[in-house]
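Worksheet: the structure to be examined is printed underneath.
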Amino acid sequence: MSEIEAKSVVYCGVCTFPPEYCEFGGSFKRCKEWLLENHTELFEQLYSEDALANATSSLSLETEAKINQDLQKKQAKEEAKAERELKKKLSSKVIVKSISRTKRKQVVAISGLEVFEIDMKKLAKTFASKFATGASVTKNAEKKEEIIIQGDVADEVEEYISKMLEEKGLTDVKVEQTEEKKIKK
Amino acid sequence: MFKKFTKEDIHSRSNIKSSVQRQLKSKFAAQFPDIEAVIDDIVPKKSQAVLVKCEDKIQLYAVENEVVYFQQFDVLIPSLKIVHKYPTAFPRVQVDRGAIKFVLSGANIMCPGLTSKGAQLPEESLSTDTLVAVFAEGKEHALAIGKLIMSTDDIRSINKGIGIELLHYLGDGLWNLHLD
């Protein structure tokens, strides 16, 4: 009996499947590009001329054609969805509001972050430890989630958020800073 | 099982005592005898295993933020990543190309999908409730992990109805779960 050794598996960087299953995901084109760039040998193995010619399937031609059609439709749908999401992300703004509380105290409310798939609770905790004040996640009048940070930290918050967005690659998003003289009871 | 599974379905996380960890390892090795040689690679001896309790009485066991195996009631089931690494350690079943699309959306596997031309059933007969790794015609890596609802002999003879119940498949909630 031969010793079982771990097989090292390459997972596609785009869809996280093993590359041979990329055609069943929604992003086949991008997967192929990624594979060509990163693992040319695998690309040759899977998509070269001979490989495609050799790939015999037990199904009849019609069923194969139908499967291909379905997959293409699914990919087109997924591409449209990804485009829409990207557009939404780029067009949305993050609003940083400073609200006056009692006398000299202020709170900062950050809204418009849900589109970016950021974990609100974790972010609030990071803010709280960073600025040494209280921070929490609440829902405001528009039923959207907001992070409320106590204290007058609006400038630093804006900097931090723009940095964070840059890291994620969404540099076009605007971070707006406004002030509100809301009198909170 | 993990069709609609997100981070929000996790209830709690706790470290596991090393005695319990050892018990789990031996249980896993007892279920899949071929894995005994490499079990120390999967779950290193001095590592801290974490028990993640989830919705529906599902328990995940993770080492260094990667789920290695999970269980619902009694049976320990390896995660797909482990099956990819050690494909020969698990009983292998193959489905034909037409079934891939359905398996990847979490459907159970019907008997005809296991007895048709592109499919392969193992030579030895496996009984009901055995865990099998599902492979696909023309593909090198496992597609999913399932439990046999009918024994392989029954699947071959009756050839009707559900053959394998799918527990974990490529791209499901567990596959996309990131524990941080």
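Say each of residue A:122 and residue A:45 gets a label point 7 Å from the Cα, pointing the same way as Cα to Cβ; how far apart are those two points in nm?
3.3 nm
Enter the Cα centre distance for the pair region A:142-157 and region A:4-39, rounded to the nearest angstrom.
Distance between centres, Cα-based: 40 Å.
How are the Cα pair distances of region B:5-63 distributed, in percent, across 10 Å bins from 0?
22, 46, 29, 3
Would you list which lysines come within 25 Å of residue B:27, measuring only between C-alpha atoms, while excluding same-chain residues fewer than 8 positions from it?
A:7, B:17, B:45, B:46, B:53, B:57, B:81, B:85, B:147
Sort B:82, B:158 so the one with the fewest other Cβ atoms within 10 Å of its own Cβ comes first.
B:158, B:82
If I histogram all Cα-Cα distances within region B:87-169 using bins 10 Å wide from 0, what percent of pairs lands in each bin?
That works out to 21, 62, 17, in percent per bin.
With 10 Å bins from zero, work out the P(r) of the protein assembly as shown over every alpha carbon pair and list the percent per bin.
With a bin width of 10 Å, the distribution comes to 4, 19, 25, 22, 16, 9, 4, 1, 0.
Out of B:10, B:65, A:98, whose Cα points farthest toward the positive end of the dipole of the protein assembly as shown (charges: +1 Lys, Arg; -1 Asp, Glu; placed on Cβ)?
A:98
Which of rounded, prolate or oblate describes chain B when judged by the alpha-carbon gyration tensor and an a/c cut-off of 1.5?
Since a/c reaches 1.5 and a/b is larger than b/c, the shape of chain B is classed as prolate.
No other cysteine beta carbon under 4.7 Å away is the test; run it over the protein assembly as shown and list who passes.
For the protein assembly as shown, the answer is A:12, A:15, B:54, B:111, because their Cβ atoms have no other cysteine Cβ under 4.7 Å.
Would you mind counting up the charge near residue B:147? Only other residues with Cβ under 13 Å from its Cβ, with Lys and Arg at +1 and Asp and Glu at -1.
-3
Thinking of region B:19-115 as a set of Cα atoms, what percent of all their pairs are more than 21 Å apart?
41 percent
What angle, in degrees between 0 and 90 and rounded to the nearest 10, separates the Cα long axis of helix B:18-31 from the longest principal axis of the Cα atoms of chain B?
Roughly 10 degrees, rounded to the nearest 10.
Quick note: the coordinates plus some simple rules give every number you see, no bench work behind them. From a predicted model like this one, the values you see are computed outputs, not experimental measurements. When we count neighbours, we look across all protein chains shown, and the Cβ atoms used for this are built from the backbone with ideal geometry, even at glycine.
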